[in-house]
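Take a look at this one; I'll ask things after.
The values are calculated or read from the model by the stated rules, or taken from the named source; none is laboratory data. A quick note: this is a predicted structure, and the numbers were derived from the prediction, not measured. For neighbour counting, all protein chains shown are included, and Cβ atoms are generated from backbone atoms with ideal geometry for every residue, glycine included. Keep in mind that these areas ignore ligands, DNA and RNA; they rest on the heavy atoms of the full protein, side chains included. Shrake-Rupley method; radii C 1.70, N 1.55, O 1.52, S 1.80 Å.
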Amino acid sequence: MSEKTGTFVVTHVDGESAVLTDVTDSHVHTLSAHPDFQTDDVVEATIRAEPPMEVTWEVAAIHDRRTVPVERSPETPTKQARDLATDQAVGEVTRRERAGEGEVHVLTVPAEQTEQAVADVIDDDETVRRAARLGVDRVEIRADDGVLSVRYLP
């Protein structure tokens, strides 16, 4: 019987099942039942394939479960983020490790599309998956006139 331990993001939930996406390899696992998961929960768990066909999975153990809030901050991007944005073209992204844990992603967008870009980052499923991969507890978005700083924070 196949078994897998890892970190997963709950990408879909209905009354009878849930779908987990492994944050490391992006494999998708459909659960035949779920222990009250919510969409965007980050779950460290052991799952096992159900016999005989092993196309659905069951949760064998939950080691940790959390949510990762993705929020807009009233703060503007830091000077470092603004300086990085100055050196890149519209549409580019620069990734930097933070001192300690996490990352900062600096994106440049047309100034008139700044608010839409913030909304896109908040709505993007990959934002929570990336946070789970990095092992951080929250995502903070700072924005100002064509510059977004997406901060993956402990």
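Quick check on my filter: what residues within the stretch 3-24 are open to solvent by 50 Å² or more (accessible area, probe 1.4 Å), assigned to a loop (DSSP other than H, G, I, E, B) and touching a residue at least 12 places away in the same chain (Cβ under 8 Å)? If you could, list the steps in order and put the result at the bottom.
Of the residues in the stretch 3-24, the ones open to solvent by 50 Å² or more (accessible area, probe 1.4 Å) are 3, 5, 12, 14-16, 24.
Filter again for assigned to a loop (DSSP other than H, G, I, E, B), leaving 14-16, 24.
Listed by number, the residues that qualify are GLU16, THR24.
Identify all residues within the stretch 111-151 that are closer than 16 Å to THR76 by Cα, over 9 Å from the mean Cα position of the chain (by Cα) and outside any helix (DSSP H, G or I); write none if there are none.
Scanning the stretch 111-151 gives GLU140, ILE141, ARG142, ALA143, ASP144, ASP145, GLY146, VAL147, LEU148, SER149, VAL150, ARG151.
Exactly one condition in (1) touching a strand residue (DSSP E or B) at 6+ places or on another chain (Cβ under 7 Å); (2) more than 19 Å from GLY135 (Cα to Cα); (3) open to solvent by 100 Å² or more (accessible area, probe 1.4 Å) is false for GLN80; which is it?
Only one criterion is unmet by GLN80, namely (1).
Still on this structure, please answer the following. Report whether or not GLU44 is in a strand (DSSP E or B) and open to solvent by 50 Å² or more (accessible area, probe 1.4 Å). Lay out the reasoning, then the answer.
Values: in a strand (DSSP E or B): yes; open to solvent by 50 Å² or more (accessible area, probe 1.4 Å): yes.
So GLU44 passes the test.
Of the residues in the stretch 109-142, how many are more than 26 Å from VAL9 (Cα to Cα) and open to solvent by less than 60 Å² (accessible area, probe 1.4 Å)?
Looking only at that region, the number is 4.
Now a separate question. Return yes or no: is GLU58 over 21 Å from the mean Cα position of the chain (by Cα) and part of a strand (DSSP E or B)?
Details: over 21 Å from the mean Cα position of the chain (by Cα): yes; part of a strand (DSSP E or B): yes.
The answer is yes for GLU58.
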